[in-house]
Amino acid sequence: MKLFISLALTLAPRATARLARYARNSTSHPGRCDRNVFEREFYLLAKGLEPTSDKVTAHSYETMYGTFVYPLKFAAHTPRILEIGLGCNMDYGPGASVVPPQIWRQLLPYAELWEAEYDAACVEKARAKGQLEGIKTVTGDQGDFAVLKRWAEEIGGELDVIIDDGGHRCGHKNSQIGHSFDVLWPLVRNGGVYVIEDLQVGRFKSYGGEKINYEDTKGRGVMADKIKDWIEQLVTIPRVFKHTKGRGFEHKIPDDVSFVYCQLEACVIGKRNRHVEGSRPGLPGHDFPGRR
């Protein structure tokens, strides 16, 4: 016991000194620890690349990606990521997220990266130019259940992150978002996340002057409404009880959802770390397994 106390007294000043150095080195808030360091690092990484993804220009997605994807940099296993939407119609060209030296490859150099894109010709053109080296691809309409099931079969196995940034050819429609989630959510591993970008457009028949009917479900499948229902169920219903009385919900939350995190124009749906029948949702975040 005396040895333990002596050791603790010896190490305590060193630990305090390390915390003090970290606080002094914080660039956003000098003099205190920066709780948003991953958010800042993701932003600086993305902004420093050319072309610069609209994730950190037109949007502020560094908030959710810094929180939920950046930590995969320290995972003991090989992360697997699927992003829907190569961005073939973007002004800066396809693949600002994946085409070297872009975001995901810079952030997660050892990850297995998948891209899903509607425009197969654009994918083949990018691959012929050597822009998709090391990137696996699937093609087709994300609103088509048969296509989505084929994607799931081709990808195989679990994914740490699914990012829905798709629908760019014909608008990010509510039906596309909903169908994709229904088929692909089971692929998300325990502790993984499903990210949906550009949710704001699903509230409108047209957006930004585009003549596209983004709301194509007649009000029955607006993804923002689904997520609002899920949040209500998540925070108000004690799911440890099987027979809970209360108002009915049009959109039932999937049983294995652990949390819903929303920011400006986007939401992250997290899968519980362990699915035990009748249990409370698991802790949010990644429960990293050993290297596969």
task = Quickly rank 106-117, 136-147, 248-259 as a protection proxy: mean count of other C-beta atoms within 10 Å, highest first.
result = 106-117, 136-147, 248-259
query = Fewest first, what order do Ile237, Ile155, Ile162 take by the number of other Cβ atoms within 10 Å?
reply = Ile237, Ile155, Ile162
Full-extension gain in nm, Phe249 to Arg220, via 0.36 nm per residue minus C-alpha separation = 9.2 nm
request  = Work out, step by step, the length gained on full extension between Arg150 and Lys47: first 0.36 nm times the residue separation, then minus their alpha carbon distance; give nm to one decimal.
outcome  = 33.6 nm
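Only the coordinates and a few stated rules stand behind these numbers; no lab work does. These numbers come from a predicted model, not from an experiment. Here Cβ is always computed from backbone atoms with ideal geometry, including for glycine, and neighbour counts include all displayed protein chains.
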